[in-house]
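The values are calculated or read from the model by the stated rules, or taken from the named source; none is laboratory data. As the structure is a prediction and not an experimental result, all values here were calculated from the model. Cβ placement follows ideal geometry from the backbone for every residue including glycine, while neighbour counts extend to all protein chains displayed. Quick note on the areas: whole protein, heavy atoms, side chains included, nothing else; ligands and nucleic acids left out. Shrake-Rupley method; radii C 1.70, N 1.55, O 1.52, S 1.80 Å.
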Amino acid sequence: MTGAEYAVIAGVIFLAACLQASSGFGMGMLAAPVIAMVDPALLPATLILLAFLVTVMVTVRERQSLDLRGTGWALVGRIPGSFLGAWLVTALSREGLAWVVVAVVLTGLVLAGRGWAPRPVRANLIAAGAASGIMGTATSIGGPPMALVWQGHHGPKLRGTMSAFFMVGSSISMVMLWMTGAVTLEMLSLALWMVPAAVGGYAASRLVNRFLNAARLKALALGASALGSAMLIVQLVLAVP
């Protein structure tokens, strides 16, 4: 990659980490389309590793507000979902993976825009965890299902619960990807180089949390995700011979 491409990825990781630490999700929705434009082969492991780092920090910060029962049921679904997601990574081409990223982001945008709000009961938590496992492992975007089922939580409880789920879920996804040979040295190297950007985004979230209410933060996440997806679609269409 060129220096400019590294700078673009670092910038989007900073913003995505800030968003993740402020809202409890959104890192993949914001960053995955941009990284896919640079090189789809860097997904999903690079983002999953960085998301794990951010979620550990947020979980520790918001540990007093966790919904441990809900997190536990969601993880019941995450494990089998991660198996399927890891298989999809090995089965898809780079372009196919990029289109899956677009589809997942747009689906999340549509559901969020329509205001669908499933109740956080046991069956829904397991189903959302499974969907998150498939999407998160295959594309690094596992937030939308959990955001839908936990949208009744607010502030520290939402951030803490989502982060605890993704902290464990990201670990499961990385194990599944490693077992299927879908983790490369290039992914690990880029993730290491992007650690300062992720930590910086987390630090910035402490300031952002004082000024952004839930509605503004949600609007910012959805708008950024839509823009990134539109840019990726244009690139994919132009690449078609």
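Take each peptide in 169-179, 191-201, 138-148, count the other Cβ atoms within 10 Å of every residue, and average; sorted highest first, the result is 138-148, 169-179, 191-201.
Evaluating kT/(6 pi eta Rh) at 25 °C and 0.890 mPa s, with the Kirkwood radius of the range 53-137 over Cα pairs in the Stokes-Einstein relation, gives 170 µm² s⁻¹.
Mind checking the per residue accessible area of the range 1-89 for me, 1.4 Å probe, whole number of Å²?
36
When only Cα pairs below 8 angstrom with a gap of at least 6 residues are kept, the chain shows a relative contact order of 38 percent. Neighbours of S205, meaning other residues whose beta-carbon lies under 13 angstrom from its beta-carbon, give a summed charge of +3 when Lys and Arg score +1 and Asp and Glu score -1.
Across every pair of non-identical alpha carbons in the chain, the mean reciprocal distance, once inverted, gives a Kirkwood radius of 17.3 Å.
Measure off, as a whole percent, the carbon and sulfur share of the 1.4 Å-probe accessible area of the chain, all protein chains present.
71
The heavy atoms of F211 present about 140 square angstrom of accessible area, all protein chains included, probe 1.4 Å. Rounded to the nearest 10 square angstrom, T137 shows an accessible area of 0 square angstrom against a 1.4 Å probe. Ligands, DNA and RNA are left out, and with a 1.4 angstrom probe the accessible area of the range 120-179 is 33 Å² per residue. Between amide H atoms placed 1.01 Å from N, distances below 5 Å from D67 occur with T161, all of them 5 or more places distant or on a separate chain.
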